[in-house]
Amino acid sequence: MKLINTKIDDLFLIEPDKFGDSRGYFMEVYNKKTFSELTGVHVDFVQDNFSVSKKNVLRGIHFQEKPFEQAKFIRVSEGEIFDVAVDLRKESSTYLNWFGVKLSKENSLMMFIPKGFGHAFLTLSDFAHVNYKTDNFYNAKFDRCIIWDDPKININWPFAESKTTPIISEKDLNGMSI
């Protein structure tokens, strides 16, 4: 596995080793010991989530408030997404900065998002299967959403040039502003 740092502290990508031959390939997606040694992060994931989205679906910017904040480990097992993490840690030097990256079945990249971040993604392929681990249980009472086009965050979504209209849930359309 290879660690790839981002411009935001504590937020990083993991590129797994792939072992392939004429039959296909194998890769280890997660190993607690290897993950801790590579990243210096000791996390106990307690929940695995899976979503399927069709092209142009935009989900987020989601987060949970204390005491139910969640670190997330995101990967795509089918298709491609533009995955975004937003630093919501008020004490951070990168507060309200965002980082976006294409995650896909083909590139096998995975993103670790620490507690204190918002998360969103846009589906770029006809459909995408998104898998993610969390280190805290979901709690609807502490679930929050920031509007996807908040001007203070100013995410450069990849549909902007094509003038494509994203498909957004009612909940996400009613997200709060910073």
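The values are calculated or read from the model by the stated rules, or taken from the named source; none is laboratory data. Quantities reported herein were computed from a predicted structural model and do not represent experimental measurements. Glycine also receives a Cβ, built like all others from the backbone with ideal geometry; neighbour counts cover every protein chain displayed. Accessible surface areas use protein heavy atoms only, side chains included; no ligands, DNA or RNA. Shrake-Rupley method; radii C 1.70, N 1.55, O 1.52, S 1.80 Å.
Could you grab me the full set of residues in the range 85-103 that are in contact (Cβ under 8 Å) with a residue 12 or more places away in the chain and out of contact with any Leu (no Cβ under 8 Å at 6 or more places or on another chain)? Give the steps one after another, and end with the answer.
Kept after step one, since they are in contact (Cβ under 8 Å) with a residue 12 or more places away in the chain, are these residues of the range 85-103: 85-89, 92-94, 96-103.
Result: Arg89, Ser92, Ser93, Thr94, Asn97, Trp98, Gly100.
Search the range 63-77 for residues being over 12 Å from the mean Cα position of the chain (by Cα) and open to solvent by less than 60 Å² (accessible area, probe 1.4 Å), and hand back the single one that is nearest to Asp172 (Cα to Cα).
In this case the residue turns out to be Gln64.
With Leu122, Leu58, Leu38 as the choices, which residue is part of a helix (DSSP H, G or I) and out of contact with any Lys or Arg (no Cβ under 7 Å at 6 or more places or on another chain)? Even if it seems obvious, please write down each step before you answer.
On the way: Leu122 fails: part of a helix (DSSP H, G or I); Leu58 fails: part of a helix (DSSP H, G or I).
Going through Leu122, Leu58, Leu38 in turn, just one is part of a helix (DSSP H, G or I) and out of contact with any Lys or Arg (no Cβ under 7 Å at 6 or more places or on another chain): Leu38.
With the structure loaded, tell me whether Lys90 is surrounded by 18 or more Cβ atoms within 10 Å (Cβ to Cβ) and not in a strand (DSSP E or B) or whether it fails that test.
On the way: surrounded by 18 or more Cβ atoms within 10 Å (Cβ to Cβ): no; not in a strand (DSSP E or B): yes.
For Lys90, the condition - surrounded by 18 or more Cβ atoms within 10 Å (Cβ to Cβ) and not in a strand (DSSP E or B) - is not met.
Of the residues that sit in the range 129-178 and are open to solvent by less than 90 Å² (accessible area, probe 1.4 Å) and of a type in the set (Asp, Glu), which one is nearest to Asn97 (Cα to Cα)?
Residues of the range 129-178 open to solvent by less than 90 Å² (accessible area, probe 1.4 Å): 129-136, 139-140, 142-150, 153, 155, 157-160, 162, 164, 166-169, 172, 175-178.
Adding the requirement that they be of a type in the set (Asp, Glu) leaves 135, 143, 149-150, 172.
On the way: Asp135: 23, Asp143: 21, Asp149: 14, Asp150: 12, Asp172: 20 Å.
Taking the candidates together, the pick is Asp150.
Given Glu80, Glu28, Glu15, which one is touching a Pro at 6+ places or on another chain (Cβ under 7 Å) and among the charged types (D, E, K, R)?
Values: Glu80 fails: touching a Pro at 6+ places or on another chain (Cβ under 7 Å); Glu15 fails: touching a Pro at 6+ places or on another chain (Cβ under 7 Å).
Matching residue, one of Glu80, Glu28, Glu15: Glu28.
Just to be sure before I move on: is Val29 farther than 18 Å from Ser108 by Cα and of a type in the set (Val, Ile, Thr) in the structure I sent? Let's see the steps before the verdict.
On the way: farther than 18 Å from Ser108 by Cα: no; of a type in the set (Val, Ile, Thr): yes.
When the stated conditions are applied, Val29 does not pass them.
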